[in-house]
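Take a look at the structure below.
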Amino acid sequence: MKEQLEAIRKSALESVAGTKAASELEALRVKYLGKKGELTGLLKQMGGLSAEMRPIMGQMANEVRASLEDAIETQSAILERRVMEIRLEKEALDVTIPGKKLRIGHKHPMYSVLDEIKDIFIGMGFEILDGPEVELADYNFTKLNTPDDHPAREWSDTFYLTEDSNVLLRTQTSNMQIRAMETRDLPIRVMSPGRVYRKDEVDATHSPMFHQIEGIVVDKGITMGDLKGTLNAVIRKIYGEHTVTRFRPHHFPFTEPSCEMDIQCHKCGGVGCPTCKGEGWIEVLGAGMVHPKVLRTCGIDPEVYSGFAFGMGLERLALGQYKISDMRLIFENDVRFLEQF
Ligand code: DAH
């Protein structure tokens, strides 16, 4: 038995030292030390030994087991280290190779203008509201005193999402007037910028998607004087202190009276030039006193409260501010264009 133990020790230690993978090592552990392993098998034969030989052989068998376990543990550590070394070598980083240059973007010119305008309104105590671009016809039209047979509701002008014309991509941010009045306590001072959609062909001044900024003020005793004073202050902050403005009568279904606001052409000083198309004036926004019907629809008593509202196109403001000649440049996001701002 002694010879057998020696033989096992020798061959096991040699095999263990020669392993190249953890799976091989595990197979050897099972082969020698497992339940049906060679050493275990030998130990089972100890019963046949004489009483004096048994403890001697027992001790030797334990030594063989211990040295085998030791060897396996040592080899396991060696293999693990080798695996790690190979991985480190494979994943090595050459930190001296020049890196890829990150292009850091910057704010889009239209959003610079928007942020400036938001600041102006926030300074005047307005709350900024966000609203849905997918809207109910009720909010985009009906509650804004724009009934079913109004031309603005034509299929050829509006992106409807359902056959019954009840859901659409909003054609104006004026839906936010209704949403503001329905959700806010009086008095209300809200401005709401966002995207709007119309079936327009793309050209230098049109896009099927563009941005508007809506504003609404409702309180006791609000007059056309408040409308003019507020909008003059805002426009002069944007275009300069000495900007000359005028208000022209106009029609919108949801305001009465309604008007459009023009600024005198900053290019020609009102004489007429290509920038103002020979008019001397450039239209900047639509506005008016909130129609009593619209107030009543939102549960506000027009005998007690009054308000004004306005809507302006954001792209047009950005084009004017940065002297950009074509609206398509705003949406194409060509970095050669954007980098100029
Ligand atoms: N929603 C109008 C448009 O898209 C602009 C507008 C006009 C908004 C008058 C208003 C307003 O709030 O009072 O042409």
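The values are calculated or read from the model by the stated rules, or taken from the named source; none is laboratory data. Just so it is clear, the structure is predicted and the values come from calculations on it, not from any experiment. Glycine also receives a Cβ, built like all others from the backbone with ideal geometry; neighbour counts cover every protein chain displayed. In case anyone asks, the SASA skips ligands and DNA or RNA and just uses the protein heavy atoms, side chains included. Shrake-Rupley method; radii C 1.70, N 1.55, O 1.52, S 1.80 Å.
Structural remarks
- Segment 278-296, subset among the charged types (D, E, K, R) and more than 16 Å from the ligand (Cβ to nearest atom), residue farthest from Ile188 (Cα to Cα): Glu279
- Within the set Met57, Met53, the sole residue that is surrounded by 15 or more Cβ atoms within 10 Å (Cβ to Cβ) and out of contact with any His (no Cβ under 7 Å at 6 or more places or on another chain) turns out to be Met57.
- Test for Val167: is it within 12 Å of the ligand (Cβ to nearest atom), assigned by TED's automatic domain parsing to the domain that holds Thr297 and not acidic (Asp, Glu): no
- Any hit, segment 69-80, residues being in a loop (DSSP other than H, G, I, E, B) and either out of contact with any Cys (no Cβ under 8 Å at 6 or more places or on another chain) or open to solvent by less than 80 Å² (accessible area, probe 1.4 Å) (or both): no
- Matching residues in segment 255-277 - criterion: being away from the ligand (no atom under 16 Å from the Cβ) and either touching a helix residue (DSSP H, G or I) at 6+ places or on another chain (Cβ under 6 Å) or within 16 Å of Asn232 (Cα to Cα) (or both): Ile263, Gln264, Cys265, His266
- Restricting segment 299-323 to residues that are in contact (Cβ under 8 Å) with a residue 40 or more places away in the chain, away from the ligand (no atom under 15 Å from the Cβ) and in a helix (DSSP H, G or I), the residue that is least open to solvent (accessible area, probe 1.4 Å): Ala318
- Among the residues of segment 214-236, at least one is away from the ligand (no atom under 14 Å from the Cβ), of a type outside the set (Gly, Ala, Ser) and either at pLDDT below 95 or not assigned by TED's automatic domain parsing to the domain that holds Phe308 (or both).
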